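See structure below.
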Amino acid sequence: MPERLRASAASSVEVVKAREVMTTPVITVTATASVGDVAEALKRHRISAAPVLDEVGAVVGLVSELDAQSGTGSTAGEVMSTALITVTQDTDVEDLRQLFLGRRIHSVPVMAGGRLVGIVSKGDLFRFTATEWVCIVCGESFRDSEPPEACARCHGDGERFELQEQSPGP
């Protein structure tokens, strides 16, 4: 089963959405934050980028490790990328994967009603696709960071799921 799909109880297929893989709460910085403070925040939180907010909390850019190391400015507002690509909570995981590959980006803010509600990184997608739980009773598989509460096929409880090792190949 492709990684963007999840089997449901009616044996139909459900598309996995950004809301299921996004990181929240989001670590953000202000446009006036010094590049040193940005670098420290990225390092401390072990993230590769952070949305940049203006004084009213609107997302105005994204600052990455590379931006912080560029030497082209002294504040987040001076070094951030302003050609911002955002997605909604309902964006399909497969569309996110294509966006990351096609645009050569590593993180994308998730918006709802004009508000920042999450962020998805390549690492989030990798962790999601590399984690598969298999029901030891019926063999049903489920991709998520945690096993489901119950099996959609046999209705066994979540304790009947084992983490399946993923091969590194295609």
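The values are calculated or read from the model by the stated rules, or taken from the named source; none is laboratory data. Being a predicted model, the structure only gives us computed values, none of them experimental. Virtual Cβ from ideal backbone geometry, glycine too; neighbours counted across all protein chains shown. Accessible surface is based on the protein model in full, side chains and every heavy atom, while ligands, DNA and RNA are left aside. Shrake-Rupley method; radii C 1.70, N 1.55, O 1.52, S 1.80 Å.
For segment 153-164, check the following and say yes or no: at least one residue is among the small types (G, A, S) and either open to solvent by 40 Å² or more (accessible area, probe 1.4 Å) or touching a residue at least 24 places away in the same chain (Cβ under 8 Å) (or both). No, segment 153-164 contains no residue that is among the small types (G, A, S) and either open to solvent by 40 Å² or more (accessible area, probe 1.4 Å) or touching a residue at least 24 places away in the same chain (Cβ under 8 Å) (or both). Restricting segment 110-128 to residues that are open to solvent by less than 40 Å² (accessible area, probe 1.4 Å) and not hydrophobic (A, V, I, L, M, F, W, C), the residue that is farthest from L66 (Cα to Cα) is G118. If the condition is being over 12 Å from S34 (Cα atoms) and touching a strand residue (DSSP E or B) at 6+ places or on another chain (Cβ under 8 Å), then segment 68-88 contributes S81, T82, L84, I85, T86, V87, T88.
I'd like to check something: does segment 130-142 contain any residue that is open to solvent by 30 Å² or more (accessible area, probe 1.4 Å) and in a helix (DSSP H, G or I)? Checked against the condition, which is being open to solvent by 30 Å² or more (accessible area, probe 1.4 Å) and in a helix (DSSP H, G or I), segment 130-142 yields no hits at all. So, of the residues in segment 97-111 that are of a type in the set (A, V, I, L, M, F, W, C) and at pLDDT 95 or above, which turns out to be farthest from the chain's Cα centre (by Cα)? The selected residue is M111.
Just need a number here: residues in segment 83-113 that are without any contact (Cβ under 8 Å) to a residue 12 or more places away in the chain and not hydrophobic (A, V, I, L, M, F, W, C).
Within segment 83-113, residues that are without any contact (Cβ under 8 Å) to a residue 12 or more places away in the chain and not hydrophobic (A, V, I, L, M, F, W, C) number 5.
Of E65, E55, all but one fail to be within 16 Å of H106 (Cα to Cα) and in contact with a Ser or Thr (Cβ under 9 Å, 6 or more places away or on another chain); the exception is E65.
Out of curiosity, is E20 touching a Phe, Trp or Tyr at 6+ places or on another chain (Cβ under 9 Å) and open to solvent by 30 Å² or more (accessible area, probe 1.4 Å)?
In short, yes.
Applying the condition of being of a type in the set (A, V, I, L, M, F, W, C) and in a helix (DSSP H, G or I) to segment 29-44 and asking which residue is surrounded by the fewest Cβ atoms within 10 Å (Cβ to Cβ) yields A39.
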